[in-house]
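Enquirer: Pasting a structure below so you can have a look.
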Amino acid sequence: MTDAEETLVQKAQEERLEAVWASPKGWRYWSDVNNTSIGIWYTATSFAFMLFAGVLGLMIRVQLAVPDNDFLTANFYNQVYTLHGTAMMFLFAVPVFEAVAIIILPQMLGARDLPFPRLSAFGYWCFLIGGIFVCGSLFFNAAPNSGWFMYPPLTTEERFTPGYGADIWLLGLSFIEVASIAAAVELIVGTLKCRPPGMRLNLMPLYAWYVLVVATMILFAFPPLIAGDILFELERLFDWPFFDPTRGGDPMLWQHLFWIFGHPEVYIVFLPAIALLAMIVPTFAQRSLLGYSWIVLAAVGTGFLSFGLWAHHMFSTGLPAISLGFFSAASEAVAIPTGVQIFVFLATLMTGRVIYSIPMLFVSGALAIFVLGGLTGVMVAMAPFDWQAHDTYFVVAHLHYVLIGGMLFPLVAGAYYYFPLAFARQLSARLGRWAFWLMFVGFNTAFLPMHWSGLVGMPRRVWTYPEALGLGTANMISSVGAFIFATGFLVVVFDVLRPRGRQPYAERNPWNAGTLEWLAEMPGKTWGVRSVPIITSRYPIWEQKNFIADYDAGRFYMPDAEEMKRETMVTGVLDAEPIQVLRVPGPSFMPMIAAVVTGAMFILATFHYWMATLVALGLTIASILVWLWRGTSFIPEKPRKDVGLGLVLPLYTSGPASVSWWAMFITMTGDATAFFSLVFGYFFFFTIHGDFPPPGVDGPGLFWPGVSVVLFALAWAAARLIQSLNSAGRLGAARACMGLGGVLALGAGGALLWGPHATGLEPTVHVYPAIVWTLCIWTALHAAVGALMLFYCLARSLCGLLTPTHDIDIRNVALYWHFMAVMALVTVATVALFPLASGGS
């Protein structure tokens, strides 16, 4: 082929790719599901909530600037500081990590898109609706007002917290957590299955490693909070006494469940910011990062250790001495992997040829502030010091040094670094310097004095304080610093939003970086990558010969879209060997519709409109079924496809080779975590009571739980048998088993519920029947979902969409039933057998 002919072929390929991956125009733009569009919406919305929370923070500082101030009423102040913490943690710190990852991860992995773009869109719309619901409550004087941790009994008893504030917090954030877990599933599967050929785990960009660690942490950290929310809302709505000591409950259970989530969340916030530093530092040091293996181990170690620290938030609650010692040591131990990461960055900068730039300015500020926050963290990790500083402004200072230094400054560094990738233009260096110094000076002016004011007696969460306390000057300095800091951040906001009509496009790879995302052209293309490259290095742009030229010419895999379908490559988890061409769905309003009706269900439940809630539940199930029916498990027009370089790949795979099987596995892992959090609640109550079950209260007995577990076993066997019958082409028998399995599942759930009903367990009398009912209802609901899945497969089979060779649906459902069987066994063993083993009824 001559050069001219090759140019014509390349141009035709690019035109087809552009047409396939183009975003919809006009009002249909909001049906877009492309990762770049969703990521930009997500990021912009996160920053909007952050600005809202920032305004609330300034209101707090105005109120506390002088003693005996009445700028805000006490009740409104409580709403303001509760929403400040809630919005910063739930609507900014975690979502912005997922938002940024959705934008840059596919390009960093050489993928056209993440494997479930509509799931990303669904998560975004859930996040937007839930955030508006929670934040909007402030404008109706109905916002939650008990702090972002919502400790009972302050929040569970109507006499302390009248109104809907606590319900808005619980149900609104539970809805938002759906978005976080959806994004986590998307990012884990994307990182494991959508890497380019050759990018083995040890060649992954460090950012991808951090995404994998943090998304996995979300999967294990958020479900305990969801479990706590369920118990909490059951007490508020139906008077089930999980946290009422007069009826066997204990408020400490909430603290355990909240901080099992709450402490890892600090690292969920911190590690993605470190990931940005891991990408920025090598670029401006102009060398590869030193200690790649060490920093990966440190990231994994930090994530692991973070789950062993939760009780250090509870040192003042009267924990046993052995618990104090263990959690104090674990809290100090986490400084080791954190220190490894910091020293790796310093060593890389010391051995490189550092180019000083705005991103590096913010990196420097981040390291300085975070190290100070880390040192005070070691101080409060020691129980005797924590007893003195607990609930004072010393802790407020520590918290902000860690989060602002460990998260916001790196995030701004990342914004200056990656802005050309998203918008093809650079931010202003002059405005960037102004912003940095205003933020750095303002931050330290605001929060450094709080260490002193906290140690001399300034308590947290107070509306005002008397002049005689002598803290007026320190508070005034903090308030002035807060406004200087806010001014600096507004300079960044102005720089991002200012018109750029005459500003020229940035040059390609403006920082001379070495990783894949900087292959993007300026302005960028919607197709993600021109061709899926072969990777042999951690910094391919620096180290692989003719890499950019071959990439631009489409000389790698999948340079074309000849069938006019959106496609991306799926590879092996460990070795990144190509295994499939995945057809991904295009724009659709279904994710938005599903999010709207799901949000309506949560909102209507908040205000106790039960019939309307049931209608919304029905619409939610219907919308999700329509979405799944029309947008998943496509049967391609041909079995295989030539992707170039002599490689032919299948267009359809099922079981462990498919991305949906992994998504089911990961989702069920998070679901199992929530379930075992409820089981933890049962045994927590067992440990604190000398007699559990209490005298005179019978358990659910053995008969009905026994019937239930037999029916569950038969339903599980049916799900396994269906898979074999379908693969063998015995469709009639497979369909019969689908119907029978669904009926068995419903019967199993019904029998499980009948046990506590038949023995007269009254959930409002004591916490024992309440926790038994909760476990039974949770398992029965999962049985209903399992039945629905089997009926769905039956319908797909009857319509010819589930065949012996195209069996993704039934393989995924069979996987679900493995988890379902374990859940049923644990539930029956806990509620029916354990009381007998422990000498109860």
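Enquirer: Hey, can you tell me all the residues within the range 590-619 that are under 23 Å from the mean Cα position of the chain (by Cα) and among the aromatic types (Phe, Trp, Tyr)?
Expert: Correct list: 602 only.
Enquirer: What number of residues within the range 645-694 are within 30 Å of residue 807 (Cβ to Cβ) and under 27 Å from the mean Cα position of the chain (by Cα)?
Expert: Summing the residues that are within 30 Å of residue 807 (Cβ to Cβ) and under 27 Å from the mean Cα position of the chain (by Cα) in the range 645-694 gives 22.
Enquirer: Continuing with the same structure: Name the residues in the range 430-463 that are modelled with pLDDT under 95 and either out of contact with any Phe, Trp or Tyr (no Cβ under 6 Å at 6 or more places or on another chain) or within 19 Å of residue 54 (Cβ to Cβ) (or both), would you?
Expert: 456, 457, 459, 460, 461, 462
Enquirer: Only one residue in 717, 745, 733 is free of Cβ contacts under 8 Å to residues at least 12 places away in the same chain and either more than 24 Å from residue 807 (Cα to Cα) or under 37 Å from the mean Cα position of the chain (by Cα) (or both). Which one?
Expert: Step by step, each of 717, 745, 733 is checked, and only 717 is free of Cβ contacts under 8 Å to residues at least 12 places away in the same chain and either more than 24 Å from residue 807 (Cα to Cα) or under 37 Å from the mean Cα position of the chain (by Cα) (or both).
Enquirer: Give the range 618-631 a look and list any residue that's closer than 18 Å to residue 603 by Cα and either at pLDDT below 95 or open to solvent by less than 70 Å² (accessible area, probe 1.4 Å) (or both), or say none.
Expert: Selection gives 618, 620, 623.
Enquirer: While we're on this one: Considering only residues of the range 647-670 that are open to solvent by 10 Å² or more (accessible area, probe 1.4 Å), not hydrophobic (A, V, I, L, M, F, W, C) and not in a helix (DSSP H, G or I), which is nearest to residue 578 (Cα to Cα)?
Expert: Restricting to residues being open to solvent by 10 Å² or more (accessible area, probe 1.4 Å), not hydrophobic (A, V, I, L, M, F, W, C) and not in a helix (DSSP H, G or I), the top hit is 650.
Enquirer: Another one. Please tell me if residue 31 is open to solvent by less than 40 Å² (accessible area, probe 1.4 Å), in contact with an Asp or Glu (Cβ under 7 Å, 6 or more places away or on another chain) and either in contact (Cβ under 8 Å) with a residue 40 or more places away in the chain or basic (Lys, Arg) (or both).
Expert: Considered against the rule, which asks whether it is open to solvent by less than 40 Å² (accessible area, probe 1.4 Å), in contact with an Asp or Glu (Cβ under 7 Å, 6 or more places away or on another chain) and either in contact (Cβ under 8 Å) with a residue 40 or more places away in the chain or basic (Lys, Arg) (or both), residue 31 comes out as no.
Enquirer: Let me ask something else. Scan the range 676-701 and report the pairs whose first residue is over 16 Å from residue 837 (Cβ atoms) and whose second residue is open to solvent by 70 Å² or more (accessible area, probe 1.4 Å), with Cβ atoms within less than 9 Å and a gap of 6+ or a chain change.
Expert: Final answer for the pair search is 697/762; 697/765.
Enquirer: Here's another thing I want to ask about it. State the number of residues belonging to the range 124-155 that are assigned to a helix (DSSP H, G or I), open to solvent by 10 Å² or more (accessible area, probe 1.4 Å) and aromatic (Phe, Trp, Tyr).
Expert: The number of residues fulfilling the criteria is 5.
Enquirer: Of the residues in the range 553-609, how many are touching a residue at least 24 places away in the same chain (Cβ under 8 Å), of a type outside the set (Gly, Ala, Ser) and assigned to a helix (DSSP H, G or I)?
Expert: Within the range 553-609, residues that are touching a residue at least 24 places away in the same chain (Cβ under 8 Å), of a type outside the set (Gly, Ala, Ser) and assigned to a helix (DSSP H, G or I) number 10.
Enquirer: Quick check on my filter: what residues within the range 424-452 are open to solvent by 40 Å² or more (accessible area, probe 1.4 Å) and more than 21 Å from residue 394 (Cα to Cα)?
Expert: Answer for the range 424-452, where residues must be open to solvent by 40 Å² or more (accessible area, probe 1.4 Å) and more than 21 Å from residue 394 (Cα to Cα): 425, 426, 429, 430, 433, 434, 437, 438.
Enquirer: Just one of (1) modelled with pLDDT under 95; (2) surrounded by 17 or more Cβ atoms within 10 Å (Cβ to Cβ) trips up residue 689, so point out which.
Expert: Here residue 689 clears every test but (2).
Enquirer: Additional query: Scan the range 720-730 for residues that are touching a residue at least 24 places away in the same chain (Cβ under 8 Å) and surrounded by fewer than 24 Cβ atoms within 10 Å (Cβ to Cβ) and jot them down.
Expert: 720, 723, 727, 728, 729
Enquirer: Would a scan of the range 562-578 turn up a residue that is farther than 27 Å from residue 28 by Cα, open to solvent by 30 Å² or more (accessible area, probe 1.4 Å) and more than 30 Å from the chain's Cα centre (by Cα)?
Expert: No - not one qualifying residue is present in the range 562-578.
Enquirer: Being under 30 Å from residue 428 (Cβ atoms), part of a helix (DSSP H, G or I) and under 24 Å from the mean Cα position of the chain (by Cα) is true for just one of 307, 362, 370. Which residue is that? Step through it out loud before you land on a result.
Expert: Values: 307 fails: under 30 Å from residue 428 (Cβ atoms); 362 fails: under 24 Å from the mean Cα position of the chain (by Cα).
Only one candidate passes the filter, namely 370.
Enquirer: Let me ask another. Show me the helices (runs of 4 or more DSSP H) entirely contained within the range 1-109 in which 2 or more residues are more than 25 Å from residue 189 (Cβ to Cβ) and not acidic (Asp, Glu).
Expert: Here the list reads 3-21, 35-64, 74-86.
Enquirer: Go through 76, 92 for me and flag whichever is touching a residue at least 24 places away in the same chain (Cβ under 8 Å), of a type outside the set (Gly, Ala, Ser) and crowded, with 19+ Cβ neighbours inside 10 Å.
Expert: After ruling out the rest, the residue left standing is 92.
Enquirer: Let me ask another. Quick check on the range 258-269. Is at least one of its residues open to solvent by 10 Å² or more (accessible area, probe 1.4 Å), touching a Gly at 6+ places or on another chain (Cβ under 8 Å) and not charged (D, E, K, R)?
Expert: The answer is yes, given that some residue of the range 258-269 is open to solvent by 10 Å² or more (accessible area, probe 1.4 Å), touching a Gly at 6+ places or on another chain (Cβ under 8 Å) and not charged (D, E, K, R).
Enquirer: If I ask for residues that are surrounded by fewer than 17 Cβ atoms within 10 Å (Cβ to Cβ) and over 28 Å from the mean Cα position of the chain (by Cα), which ones from the range 511-525 would you list?
Expert: Matches in the range 511-525: 512, 521, 523.
Enquirer: I'm told residue 481 meets every condition in (1) small (Gly, Ala, Ser); (2) assigned to a loop (DSSP other than H, G, I, E, B); (3) buried (at least 19 other Cβ atoms within 10 Å of the Cβ) except one. Can you identify the failing condition by its number?
Expert: Unmet for residue 481, out of (1) small (Gly, Ala, Ser); (2) assigned to a loop (DSSP other than H, G, I, E, B); (3) buried (at least 19 other Cβ atoms within 10 Å of the Cβ): (2).
Enquirer: Do you know which residues across the range 98-123 are under 19 Å from the mean Cα position of the chain (by Cα), open to solvent by less than 10 Å² (accessible area, probe 1.4 Å) and not small (Gly, Ala, Ser)?
Expert: 98, 102, 104, 105, 106, 113, 114, 115, 117
Enquirer: Do we have any residue at all in the range 513-521 that's part of a helix (DSSP H, G or I) and within 25 Å of residue 3 (Cβ to Cβ)?
Expert: Taking the range 513-521 and keeping what is part of a helix (DSSP H, G or I), we get 516-519.
Retained after the next criterion (residues that are within 25 Å of residue 3 (Cβ to Cβ)): 519.
Yes, the range 513-521 contains a residue that is part of a helix (DSSP H, G or I) and within 25 Å of residue 3 (Cβ to Cβ).
The values are calculated or read from the model by the stated rules, or taken from the named source; none is laboratory data. Computed from a prediction, not measured in an experiment: that's the story for all the values here. Ideal geometry is used to build each Cβ from the backbone, glycine not excepted, and the neighbour counts take in all protein chains shown. Side chains are part of the model used for accessible areas, which takes the heavy atoms of the whole protein and leaves out ligands, DNA and RNA. Shrake-Rupley method; radii C 1.70, N 1.55, O 1.52, S 1.80 Å.
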